[in-house]
Amino acid sequence: NDTTVLSVVVTDINDNDPVVTASEYNVMVLEEEADFVVTYVRATDEDYGINADCTFTIVERLVNDFTVHNITGEVTTRRVLDREHKETYEVYILAIDHGRSPRSGEAYVTVTLIDVNDNPPMFELNTYRATVVEYISGKFILSVKAKDMDVMDNAAVRYAIIPDSHTDYNLFTVDAMTGNVYFSSSESTENVGENLVVMIEAYNEVPYTSDDILNGTTTVDVTVLCSTTVTRYHSESDWWMWVVIITLVGIVTLIIAASLIIINRKRNYQHVRREACHELQIFEHQDYEEIAEHVKFDSIDIAKAKLLDSLDEDLRIEVEDVLVYPPIDGVVLNIKHVIGKGTIMKDFDHPNVLGLIGIFIDENSSPSIVLKQFVTKSTKVDIG
């Protein structure tokens, strides 16, 4: 029997998709790195020949940030990436075969940027201002605050005084951790001015990625209301100010003392008036009858009017009812002499005479007038 060897060649058709070794890649890379190799993407295809040959490509939306080698699958950064701008990237990569009807597989590469110290601390204000009454060693003034866009240790902010000879740096201290600013406790206060200036810097203990990065700085302006230099410069005007103050205090003291004296005299005056009023109140009708023998006025009413005219207004109101009595017709009291003397003394201007309180006639003595200053003694002063 004859035999024939039949060779059958099976032609591959592109009926399998490329399979990426891992569908998801999670990679961490340092920020600020350009042309940095992120990872390698691998793919296999069960087809044969060109149907199994694959090339890699990145979708268009991230083409400016990353690139992938079309044969090796090497993924690299195309430019410097800033974590402070964007921390995580999702890179979509396709593995495409070369078949007549290309088939593809996909992979996702998640790239997370690792922070580097590429940002200095920055103060919230360019200038901080404060006003204090006086310079007191160790006194708290204010707090300065700086923020760092980095993270972890790269964001740990420290504070320090800048020893600038054009400022008053020797009069200040700052807490390196909190940013609290104080007056220095080691300096003399003899030459403290009215306006004090100090510069403060914020820095990281972790070195920066570049020498071109500078620490953040701010200025603190402090106004001292009672500075020692201002006091020294204005010592003469301050002396006059104290003279004025002491003078005013003396005047106020004198006014208060005078007021107390007046009040005391009024109290004594009230005492004398009460005593005079009492004398008039005990002046009874029969006393008028005895005096009637010496009357030279036309009537007792005229005598009464003369007596009331010699009294002050307040006392007149109190004793007016006491002096009401029936008129004695045809009899004139001989007290014109007393009324005349009393009227003269009422307006008598003498430092030892404060004025007339009233006039009374006692049963067993001469006619008398009452003067204000005789308070601790007898309230009666004989006219004759």
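The values are calculated or read from the model by the stated rules, or taken from the named source; none is laboratory data. What you see is a predicted model, and the numbers here were worked out from it, not measured in a lab. Counting neighbours? That spans all protein chains shown, and the Cβs are built from the backbone with ideal geometry, glycine included. These accessible areas exclude ligands, DNA and RNA; they are computed on the full protein's heavy atoms, side chains included. Shrake-Rupley method; radii C 1.70, N 1.55, O 1.52, S 1.80 Å.
Here are the numbers:
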{"item": "Single condition HIS98 does not satisfy, out of (1) of a type outside the set (A, V, I, L, M); (2) open to solvent by 70 Å² or more (accessible area, probe 1.4 Å); (3) over 30 Å from THR217 (Cα atoms); (4) out of contact with any helix residue (DSSP H, G or I) (no Cβ under 7 Å at 6 or more places or on another chain)", "result": "(4)"}
{"item": "Boolean, VAL10 is open to solvent by less than 100 Å² (accessible area, probe 1.4 Å) and either out of contact with any strand residue (DSSP E or B) (no Cβ under 6 Å at 6 or more places or on another chain) or touching a residue at least 60 places away in the same chain (Cβ under 8 Å) (or both)", "result": "no"}
{"item": "Residue list for region 66-117, filter: among the hydroxyl-bearing types (Ser, Thr, Tyr) and part of a strand (DSSP E or B)", "result": "THR67, THR76, THR77, THR88, TYR89, TYR92, SER104, TYR108, THR110, THR112"}
{"item": "Failed criterion for LYS139 (all others in (1) under 30 Å from ASP17 (Cβ atoms); (2) basic (Lys, Arg); (3) modelled with pLDDT of 90 or more hold)", "result": "(1)"}
{"item": "Residues that are aromatic (Phe, Trp, Tyr) and part of a strand (DSSP E or B), drawn from region 33-57", "result": "TYR40, PHE56"}
{"item": "Test: residue in region 12-19 that is closer than 18 Å to VAL75 by Cα, of a type outside the set (Ser, Thr, Tyr), touching a Phe, Trp or Tyr at 6+ places or on another chain (Cβ under 9 Å) and at pLDDT 90 or above", "result": "no"}
{"item": "Test for ILE50: is it under 18 Å from THR112 (Cα atoms) and either touching a residue at least 12 places away in the same chain (Cβ under 8 Å) or touching a Phe, Trp or Tyr at 6+ places or on another chain (Cβ under 8 Å) (or both)", "result": "no"}
{"item": "Matching residues, region 64-94, being hydrophobic (A, V, I, L, M, F, W, C) and either under 18 Å from VAL37 (Cβ atoms) or open to solvent by 60 Å² or more (accessible area, probe 1.4 Å) (or both)", "result": "PHE66, VAL68, ILE71, VAL75, VAL80, LEU81, VAL91, ILE93"}
{"item": "Output for region 119-135, where each listed residue is part of a loop (DSSP other than H, G, I, E, B) and surrounded by 13 or more Cβ atoms within 10 Å (Cβ to Cβ)", "result": "ASN119, PRO120, PRO121, GLU134, TYR135"}
{"item": "Selection status of ALA22, among the hydrophobic types (A, V, I, L, M, F, W, C) and modelled with pLDDT under 90", "result": "yes"}
{"item": "Some residue of region 37-53 being touching a Cys at 6+ places or on another chain (Cβ under 9 Å) and either more than 21 Å from SER101 (Cα to Cα) or open to solvent by less than 70 Å² (accessible area, probe 1.4 Å) (or both)", "result": "yes"}
{"item": "Cβ-Cβ under 7 Å pairs, at least 6 apart or on other chains, region 80-103 side within 19 Å of ALA43 (Cα to Cα), far side assigned to a loop (DSSP other than H, G, I, E, B) and among the charged types (D, E, K, R)", "result": "ASP97/ASP45; ASP97/ASP47; ASP97/ASP53; ASP97/ARG103; HIS98/ASP53; GLY99/ASP47; ARG103/ASP17"}
{"item": "Test: residue in region 179-191 that is closer than 30 Å to GLU32 by Cα, modelled with pLDDT of 95 or more, open to solvent by 60 Å² or more (accessible area, probe 1.4 Å) and in contact with a strand residue (DSSP E or B) (Cβ under 9 Å, 6 or more places away or on another chain)", "result": "no"}
{"item": "Positions within region 23-82 being among the small types (Gly, Ala, Ser) and more than 29 Å from TYR208 (Cα to Cα), in sequence order", "result": "SER23, ALA43, GLY49, ALA52, GLY73"}
